[in-house]
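What follows is calculated from the coordinates using simple rules that are stated; it is not laboratory data. All of these numbers come straight from a predicted model, not from anything done at the bench. Positions of Cβ are backbone-derived with ideal geometry, glycine not excepted, and every protein chain shown enters the neighbour counts.
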Amino acid sequence: MNWSDENLYTILEKIGTSLKGRRVQMGLSQEDLSVKSGVSPSSIARLETGKGNISLLNLLSLLKELDLLNELQLIFRDPNLSLALLAKSKTKKPRQRVRKQKKISPNENKEWIWGKQNE
């Protein structure tokens, strides 16, 4: 399901339909879900029909009661990981190791001779 090209109200309606399906699958009425979640029955009805908008806290309460709250972990990852990736993406050039300058020994410029040929 690709929601990138969808109207936001269409997405809201799809979310509501999905939550309604989960509620029915769990055998809960809107009243039962309202009592468990603390969200008013009218808010639940508006969400399920796609006719209304609810607060994020109410949505989280509904997701928790419908055992769907853990699904958000797929979207919202560990903030430490995200910050590290963000910092890495903002660096302009890749980091390189610092290497010590190679020291030239005093005998390195001399020509190598086999055995005692110089004598």
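Quote to one decimal, in nm, the extra length available between GLU111 and LYS51 on full extension: 0.36 nm per residue of separation minus the C-alpha distance between them. Before the final figure, lay out the partial values.
Details: separation 60, 0.36 × 60 = 21.60 nm, distance 8.91 nm.
Separation in residues times 0.36 nm, less the Cα-Cα distance, equals 12.7 nm.
Using the beta-carbon distance between LEU60 and ASN2 and R0 = 25 Å, what value does 1/(1 + (r/R0)^6) give for FRET efficiency, to the nearest 0.05?
Efficiency at R0 = 25 Å is approximately 0.50.
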